[in-house]
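One structure is given below, encoded as structure tokens.
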Amino acid sequence: MTHILVATDAWHPQVNGVVRTLTMMAEAAKSFGVDISFLTPQSFRTFAMPSYPDLTSQEIADLAAYVHYLRRQGRYRELTMDGDDQGDARAGETYFNANCAACHSKSGDLTGVAAKYGGAALRARVLRPSDDRAPTGTDRTAVGRLQHGKLLERYAQADVRNLISFLRER
Ligand code: HEC
């Protein structure tokens, strides 16, 4: 008989898809001559994650902003390392219409942006048009910077390639 040990933090008494899947998998595995045991929190003394009553809401908000800042820094580095700008311009257009067109138009404010920057600089402008400080205020620029920060946290590598190919297209 084959023995498999599965380590999981999702386990009874939780009721969810993961727990059900693991339980059913162990049942089914018996018929293949496989014995699955589970290493779960039930075998340990556990306690709830502590809260931080000494932090003010302002401090929590500042910490959250800092975590996002670090994440954007990491994403910026990761996405600028990809030197490949050969994307799918049609997919870029779709992405642009869904995520950028509320503020930009390729034949409006972004006219000539690809010619203006070219190469790595264009990529940098798309990823982070302005500095990385958390924007304050509600004016158009602040809202745009905030939105660029959010986009930066969720771009896939291919989204950026596609966007650049779309912006380059005449
Ligand atoms: C909520 C509005 C908003 C959205 C959505 C938005 N942007 Fe921007 N974008 C701005 C603003 C505002 C600036 C100018 C930022 C500054 O000067 O600090 C800017 C700057 C830029 C620049 C630099 C332009 C230049 O001439 O230097 C590029 C390129 C750009 N955005 C591309 C995009 C792309 C691509 C998307 C979608 C993936 C996008 N933006 C989504 C508001 C937005």
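So between GLU153 and ASN16, what do we pick up on full extension, going 0.36 nm a residue minus the alpha carbon distance?
Gain on stretching GLU153 to ASN16: 46.4 nm.
Evaluate the relative contact order of region 57-168 (contact order divided by residue number), counting alpha-carbon pairs under 8 angstrom at least 6 apart; express in whole percent.
51 percent.
Binning at 10 Å from 0, report for region 46-146 what percent of all alpha-carbon pair distances ends up in each bin.
The calculated distribution, bin by bin, is 11, 33, 31, 14, 9, 2.
Each label point is 7 Å from the Cα along the Cα-to-Cβ direction; what then is the distance between the points at ALA91 and TYR117, in nm?
It works out to 2.0 nm between the two label points.
Given the C-alpha atoms of the chain, compute the convex hull and give its volume per residue in Å³.
Taking the convex hull of the Cα positions in the chain, it is 207 Å³ per residue.
How large is the charge dipole for the chain, taken about the Cα centre, if only the Cβ atoms of Lys, Arg (+1) and Asp, Glu (-1) carry charge, to the nearest 20 debye?
So the magnitude is around 440 debye.
Sticking with the crude label model, points 7 Å out along Cα→Cβ, report the distance from ARG45 to ALA101 in nm, one decimal please.
Here the answer is 6.1 nm between the modelled labels.
Rounded to two decimal places and with Rh computed the Kirkwood way over Cα pairs, what is Rg over Rh for region 2-43?
Rg/Rh: 0.97.
Which is farthest toward the positive dipole end of region 1-128 among ALA29, THR40, CYS103, measuring Cα position about the Cα centre, with Cβ charges +1 (Lys, Arg) and -1 (Asp, Glu)?
Of the options given, the answer is CYS103.
Relative to the first principal axis of the alpha-carbon coordinates of the chain, what is the inclination of helix 140-154, with its axis defined by its Cα atoms, in degrees from 0 to 90 and to the nearest 10?
Tilt of helix 140-154: around 40 degrees.
Give the cross-link partners of LYS106 among the lysines, using a straight C-alpha distance below 18 Å as the criterion and excluding same-chain residues fewer than 8 apart.
Answer for LYS106, where 18 Å is the Cα cut-off: LYS116, listed by chain and number.
Evaluated at 4 °C with a viscosity of 1.567 mPa s, what Stokes-Einstein diffusion coefficient in µm²/s does region 96-170 have when Rh comes from the Kirkwood expression over alpha-carbon pairs?
My calculation gives 100 µm²/s for D.
Which FRET efficiency, nearest 0.05, do THR8 and ILE60 yield, Cβ-Cβ r, R0 35 Å?
0.70
Could you work out how far helix 157-168 tilts from the main Cα principal axis of the chain, as a 0 to 90 degree angle to the nearest 10?
20
With a 10 Å cut-off between alpha carbons and a GNM built on the chain, which of ALA98, ALA114, ALA89 moves the most?
ALA98
Please get the size of the charge dipole for region 12-107, origin at its Cα centre, with Cβ charges of +1 on Lys and Arg and -1 on Asp and Glu, quoted in debye to the nearest 20.
220
Could you state the angle between the C-alpha long axis of helix 57-81 and the longest principal axis of the C-alpha atoms of the chain, as a value from 0 to 90 degrees rounded to the nearest 10?
70
Do any trypsin sites (Lys or Arg not before Pro) in region 11-118 lie in a loop, going by DSSP, with at most 11 other beta-carbon atoms within 10 Å of their beta carbon, and if so which?
Passing both the DSSP loop test and the Cβ count: ARG45.
Quick note: the coordinates plus some simple rules give every number you see, no bench work behind them. Just so you know, these numbers come straight off a predicted model, no measurement behind them. Please note: Cβ atoms are built from the backbone with ideal geometry, for glycine as well, and neighbour counts cover all protein chains shown.
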